[in-house]
Amino acid sequence: MTDITSDIAASRAHAESAFNRVTRWFVRHPPAVTAILIALVCVVVGSINPDFWQISNLFDMARSTVVRGLFALGVLVVLAAGGLDVSFTAIAAFVMYVITMLVTNCFPEMPILPILLVAAIGGAFLGAANGVLVSTLKAPSLIVTIGTQYVIRGFLLTFIGTALFMNIPMSMDAFGKLALFHHQSANGATSTMPVYVLVLVVAVIVTWLLLNRTLMGRAIYAVGGNAGIAERLGYSLRKVHIFVFAYAGLLAGIAGIMHVASNRLANPFDLAGSELEIIAAVVLGGARITGGSGSVLGTMLGVVLITLVNNVLILVGIPSTSQLAILGLFIVGAGALFSIKPRA
Amino acid sequence: MFVRWSDRQLNFLVFANALVIAVAVIFAGDTFLSLYNFQSMSAQVPELALLALGVMLAMIAGNGGIDLSGIALANLSGIASYLLMRDWVSVDDQPLTFVWIFAGIALLIGLAGGMINGALVAFVGLTPIIATLGTQLFFTGIAVVITNGSAVSLGYIEPLDNFGNTPVFGVPMCFALFIAIAVLLGIVLRYTPFGLKLYLMGSNAKAARYAGIPQRHMLFLTYTVCGILASIAGIIIAARTSSVKWDYGTSYVLIAILIVVMAGVRPEGGYGRVICVVLSATALQMLSSLFNFLDISNFFRDCAWGLLLLIFLATSRFDLRALLPSRR
């Protein structure tokens, strides 16, 4: 009698553990889910509308991942440290508009490298202000950065200007047009992969090194995992906070210049309202919103998925109006999936 | 654990209200004090203050609580309710029935939206930020889909318009309704077991669990109430503007949080008073009307709201209130 029951229990435990093992593997490797989703979307869209696989479309998507990707890396670093930043689009808009204005009016001959450097410094400075505020006010970083977002954008639109800049500086224009390589399609149309995608590649590598190969990376994950314990271990919360927000601001500043270079105009109203889809991308990439986790690879997969949602739905006849609803479902779905804590 | 009726925060907010009125009289003259101006201001307070009350409830509950989906749900409930009703009940034949059914369906949508938030936070275990961020996009997205992205005009529906714009005994009806809701919510928070448990849960989640408070149940209820408050705001918006659109009040998320922070609600949970939220909403509304009088641009207004939010976060941290006059 006891043998039979224990047998049943054992076999049930066995079946359960097989299922558990699969779910646990996915919970431990959140980016895998995102990768599967990407593959699924690609296959479905590609079979409904073969135009999807055209090189020009793929190039288009690669181009539009640049700004998003830069933003997302910044959000990832802040999120890993247990914070949340929604002011990065305001920082990017501010930096891009002010720098475009300055360069056009004062130094029209300035080459692109110093422009990028100034943008990075300016962004980092604004970001550091976020970090100082978050660590001094001891308030949730979401609330603080909502405040700074409005201050920065309001300041930009009130005191600096609301007019479009159509004639952007030569060097930025040239940088946006500079081609990494061309592709000639069968019907003779040429599509171009611009050089500025390399900026994202560099940012990805630097962020990966930062998170995985430096003491600061250790500190970021430690503070995000458990701030109290990290502090007792001797990590300075203040330093980490200021660093992560400054880093996010730095990337946002560069992203702003990329935005101008690729669109060939500087519009101070641009970029506003795209914060949520960036956060969605990072969360889809498996970073837990409570901090202490998240990877560069996952974040990039999340960015690709969001770009797919934005770019290809039209190709299969889903109206673009449904984008927001689908993004919302993705956030909730990913949040629900990744809120399952891996059990030992 | 209950604070005295008049605490520092309350005194401060009364003082802030008086200060704004005084400044307004100096800069904008007596027109600011006219009955008409006060009526139009008090008709504008409810929608924001109801959303702020929702944010306050979510914050009191602790657990990193916040409700970012308020204005999205408010817009959705107005839009969906009207679109459902439009072909079903004739406005011209029975305007009053139309309005009641419109309000009823909007409330049901708010209830459903709040329950979705509540279920996500309480039972699925999502962080409130991510849950309400996701539903914010989701609700807005649905509103965009069913309206195709354009505003929907309600036309002139007399009873609804009266509710939004016509004062009875000098008080706009939507403001009276709002005060009634605020009083009810204040009583629930102060004198009922629900309120006691909510504050306890926000002050110390662990202790609350050992005290046997059903936390998931409480969280679910709290976010459901947030949803209902949002849908009432949606009805008031529809009544006041005679139209519904998906992108109404894009900066309301910020302003609702600003009202709540200014009212001294603790973002980490456990403290918050309805009366303070109401007073902080009226102070902000008067400030906003003053900006109107002075012809200050909307962009600067956003900048000012952001600055105020940071300043009030700072004062709650460093307790500058001690420097202000209080009746101690």
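The radius of gyration of the Cα set in region A:97-200, together with its Dmax, comes out at 18.6, 60 angstrom.
For chain A, the square roots of the Cα gyration tensor eigenvalues, ordered a ≥ b ≥ c, give a/c of at least 1.5 with a/b no greater than b/c, which places it in the oblate category. In this simple spin-label approximation, B:SER153 and A:PHE159 carry label points 7 Å from Cα along the Cα→Cβ vector, and these lie 4.1 nm apart.
Going by neighbour counts of Cβ atoms within 10 Å, the residues B:CYS226, B:CYS276, B:CYS174 line up, fewest first, as B:CYS276, B:CYS174, B:CYS226.
Pairs of Cα atoms nearer than 8 Å and 6+ residues apart set the relative contact order; for region B:45-162 it is 36 percent. Each label was represented as a point 7 Å from its Cα along the Cα-to-Cβ direction; for A:LEU297 and B:TRP100 these points are 6.3 nm apart. The GNM of chain A, with springs linking C-alpha atoms under 10 angstrom apart, assigns the highest mean-square fluctuation among A:PHE181, A:PHE125, A:PHE243 to A:PHE181. Among A:ALA72, A:ALA203, A:ALA287, the residue with the largest mean-square fluctuation in a Gaussian network model of chain A, with springs joining Cα atoms closer than 10 Å, is A:ALA203.
Here is what passes the span test in chain B: the DSSP H helices with alpha carbon length of 20 Å or more along the helix axis and a Kyte-Doolittle mean of 1.6 or above are B:8-28, B:95-119, B:128-147, B:173-191, B:274-293. Its Cα gyration tensor gives chain B an equivalent ellipsoid; the semi-axes, largest first and in whole Å, are 30, 27, 17. Per DSSP helix of 4 or more residues, -39500 (n - 2.57); summed, then divided by the residues of the protein assembly as shown. What does that give at 222 nm, rounded to the nearest 500? Helix-only estimate at 222 nm: -24000 deg cm²/dmol. Among B:252-263, B:114-125, sorting by the average number of other beta carbon atoms lying within 10 angstrom of each residue, highest first, gives B:252-263, B:114-125. Using only side-chain charges placed at the Cβ, +1 for Lys and Arg and -1 for Asp and Glu, the dipole size of chain B relative to its Cα centre rounds to 1440 debye. With the simple spin-label model, which puts each label point 7 Å out from Cα in the Cβ direction, the A:THR192 to B:LEU184 separation comes to 6.3 nm. Across region B:198-328, the relative contact order, built from alpha-carbon pairs under 8 Å that are at least six residues apart, equals 25 percent. Taking A:GLY217, A:GLY131, A:GLY234 as the candidate residues, the one with maximal mean-square fluctuation in a Gaussian network model of chain A, Cα springs under 10 Å, is A:GLY234.
Averaging over all projection directions, the Cα-based convex hull of region A:185-292 occupies 9.6 nm² in the image plane. Among A:TYR247, B:TYR271, the order by Cβ neighbours within 10 angstrom, fewest to most, reads B:TYR271, A:TYR247. Mean partner shielding of peptide A:138-146, defined as the number of other chain Cβ atoms within 10 Å of each residue Cβ, is 6.
Among the residues of B:296-307, the average count of other protein chain beta-carbon atoms within 10 Å of the residue beta-carbon is 6. Across region A:211-230, the residues whose backbone nitrogen lies under 16 Å from the label position 7 Å along the beta-carbon direction of B:LYS206 are A:226-230.
Computed from Cα positions, the angle between helix A:112-137 and the longest principal axis of chain A comes to roughly 50 degrees.
Projecting the Cα atoms of A:VAL202, A:LEU157, A:PHE269 onto the charge dipole of region A:127-281, computed from C-beta unit charges around the Cα centre, puts A:VAL202 farthest toward the positive end.
Relative contact order for chain B: 35 percent, from Cα pairs under 8 Å spaced at least 6 residues apart, divided by residue count. If you fit an axis through the alpha-carbon atoms of helix A:2-28 and take the longest principal axis of the Cα set of chain A, what angle between them do you get, 0 to 90°, nearest 10? Approximately 10 degrees, to the nearest 10. Does the protein assembly as shown come out rounded, prolate or oblate, given a ≥ b ≥ c as the square roots of the eigenvalues of its C-alpha gyration tensor, rounded meaning a/c under 1.5 and, failing that, prolate meaning a/b above b/c? Rounded.
Roughly what angle does helix A:215-225 make with the longest principal axis of chain A, taking Cα atoms, 0 to 90 degrees, to the nearest 10? It works out to around 60 degrees.
Under 1.5 on a/c is rounded, so check that first for region A:241-344, then, if it is not, pick prolate when a/b is larger than b/c and oblate when it is not; a ≥ b ≥ c are the square roots of the alpha carbon gyration tensor eigenvalues. Since a/c reaches 1.5 but b/c is at least a/b, the shape of region A:241-344 is classed as oblate.
Taken together, the values in this text are just the output of simple stated rules run on the coordinates, not laboratory data. All values derive from a computational prediction rather than experimental measurement. When we count neighbours, we look across all protein chains shown, and the Cβ atoms used for this are built from the backbone with ideal geometry, even at glycine.
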